[in-house]
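First comes the structure, then the notes that go with it.
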Amino acid sequence: MSRRSRPRVIIAGIGTESSSFAPHRTTLRDFGVREGERVLERFPAIARGALDEVEFVPGPVARALPGGAVTRPAYDALVDRVLHSVRQGAPWNGVLLDIHGAMLVDGLDDAEADLARRVRQAAGGEPVVMSAAMDLHGNVSRDFAAQVDLPTCYRTAPHIDECDTRDRAARLLVRALTGAVRSVRAWCRIPVALPGEKTSTRVEPAASLYRSLPDVPGGVWEAALWVGYAWADEPRTAAAAVVIGDDPGAIQRACGSLAGRFVARRDDFRFCGPAGGLRWALGRAADAAAGGLAGPFFISDTGDNPTAGGSGDVATTLAALITDTRVTDGPGEAVWSALVDPAGVRAARAGGVGSSFDRTVGGCFGWPGQVRLRGVVDRVVSDVAGDVAVVRSGRLQVVLTTRRTPFHTPDDYRRAGIDLARTRLVVNKIGYLEPRLHEVAAGGVMALTDGPVDQRIDRLSYSRISRPLHPFDVVRDGWEPDVELFRPHASH
Ligand SMILES: [Zn+2]
């Protein structure tokens, strides 16, 4: 095929992960938009010219930190920007959606299906082949599967295969656009919702389910499995399997088998480390300190983890920490990170280092429950993520931020003036420990705390999910997968 007649594909997308239970709202300011080379950097195989049979053209790719639902004006503005780029270069032979798959938009269900449909319409061409590179924590609806010919997702959590996944989505497009055979796909909703910390692919049963994916029979191009995103109160919320190929019988069998194996193991998904209530976790920390643990003990304050969609304004854990003398008067330094509280940070800055601090904090986005924090302003630092104030209450250092800020590395703490090597107890709004923190942790547990991403999802009030859905309903043994086959888009 000559270069002139190469199929043309535009890369575009809008990606984030949103909890229905977070009072926070994601606005246009929260999105960063990549264009040009910075989009191609996300696809190493394209960037190094390994997929030159197809011309991949970068369009806008917008991404935001997980959080509360995206406002409708923000979504509309981003969609307009994507559609403008798509129309400018139309007609296209293909579209590569670079998305997450668990975005909520105020007043709109199934945002990614809406995006896919509108991009397909704008792309012109006849017929347009669409692929999607996604997070395995996305919710794949029937409508989405009907729009997207070649959807796939990560095979690891924690995610270490983002680039591989995006390259795979690009390769699927190359195969579909340059081969003689068009693909068909089979989709199956899996009636199971699981919190993220139960689906690590480092442990069973996710480990073997995901390990089996590359091992596909003849006629199958790709098998993809989404564990889903449980904190979305939408009809589409569930795990899902999609199998793509050119042999309809083989893909339907593979899809049904994958969904069936997932359902059969639904009760075997467990927290990927020791987990329990906050009081239990503090007891474990005290035991570790009494045992002379060399290095920091971590408690994950999981219910308000900002990188899972927590709002960052939940102060429930702080209320327990400041009344626990094992923490405030303990044998070493303790830290709690981080609470979004712009007014508290401003007050700390105005008062200055060494001034007394006595304010109610928490709930700046609307999460119920404020906490009276009394202490001394230990330091105020300016950071790329906005100002950070550290308020000391005895041996506990409370980190207040102006913006939602994950603490994922020792450097994140160092910028706030905290040396983890000299800290006995680190309570952090996070789920499983990110690798850099895992390296320095002498021990750790997950506390199943309150918040918009409560790991005990049965404590949250859902009203819009499709039933039955495990663990809210009993999915009977002998459940039969309902696999649906989608043919290529003939036209739009
Ligand atoms: Zn994810």
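The values are calculated or read from the model by the stated rules, or taken from the named source; none is laboratory data. For clarity, every value in this text was computed on a predicted model and none was experimentally measured. All Cβ positions, glycine included, derive from the backbone under ideal geometry; neighbour counts span all protein chains shown. Protein only, heavy atoms only, side chains kept; ligands, DNA and RNA dropped before computing areas. Shrake-Rupley method; radii C 1.70, N 1.55, O 1.52, S 1.80 Å.
Side notes on the structure shown:
- The peptide list 63-73, 130-140, put in order of mean Cβ contacts within 10 Å with the highest first, becomes 130-140, 63-73.
- FRET efficiency for the residue 270 to residue 383 pair, using the beta carbon distance and R₀ = 60 Å, is estimated at 0.95.
- Packing-based ranking, highest mean first, of 51-59, 35-43 given that Cβ atoms within 10 Å are counted: 51-59, 35-43
- Basic side chains Lys and Arg get +1 at the Cβ, acidic Asp and Glu get -1 at the Cβ, and with that the dipole of the chain about its Cα centre reaches some 460 debye.
- Listed residue (418, 319, 62) projecting farthest to the positive dipole end of the chain, Cβ model: 418
- Counting only DSSP beta bridges with both residues in the range 278-448, the antiparallel share comes to about 50 percent.
- The range 1-109: mean projected area of Cα convex hull, nm²: 7.3
- Residue (of 306, 365, 440) at the positive-pole extreme of the range 278-448, dipole from beta-carbon charges: 365
- Rounded to the nearest 10 degrees, the angle from helix 162-178 to the longest Cα principal axis of the chain is 10 degrees.
- When a 1.4 Å probe is rolled over the protein heavy atoms, the share of accessible surface on the range 29-164 that falls to carbon and sulfur comes to 46 percent.
- Shape class for the range 278-448: rounded, because the ratio a/c of the largest to smallest gyration tensor axis (alpha-carbon atoms, square roots of eigenvalues) is under 1.5.
- In the range 401-492, the trypsin sites (Lys or Arg not before Pro) that fall in loop regions by DSSP, at most 10 other Cβ within 10 Å: 476
- About its Cα centre, the range 278-448 has a charge dipole of approximately 280 debye under the convention of +1 per Lys or Arg Cβ and -1 per Asp or Glu Cβ, with nothing else charged.
- Gyration tensor verdict on the range 38-95 (Cα atoms; rounded if a/c is under 1.5, prolate if a/b is larger than b/c, oblate otherwise): oblate
- Histogram of C-alpha separations across the range 210-249, 10 Å bin width, %: 27, 40, 24, 8
- Of the peptides 237-243, 170-176, 347-353, the order by per-residue mean of other Cβ atoms within 10 Å, starting with the highest, comes out as 237-243, 170-176, 347-353.
- Reported to the nearest whole Å, the Cα centre-to-centre distance from the range 431-457 to the range 110-177 is 30.
- Lys, Arg +1 and Asp, Glu -1 on Cβ, resulting dipole of the range 102-240 about Cα centre, debye, nearest 20: 480
- Only helices enter the 222 nm calculation for the chain: every DSSP H run of n ≥ 4 contributes -39,500 (n - 2.57), and dividing by all residues gives -7500 deg cm²/dmol, rounded to 500.
- For the range 208-238 versus the range 64-80, the gap between their alpha-carbon centres in whole angstrom: 26
- Over all pairs of different C-alpha atoms, the chain has a mean inverse distance whose reciprocal, the Kirkwood radius, equals 23.6 Å.
- Ordering 237, 396, 226 by Cα displacement along the dipole of the chain toward the positive end leaves 396 in first place; charges were set at the Cβ atoms of Lys, Arg (+1) and Asp, Glu (-1).
- Separation in nanometres of the label points that stand 7 Å from Cα toward Cβ, at residue 463 and residue 439: 4.7
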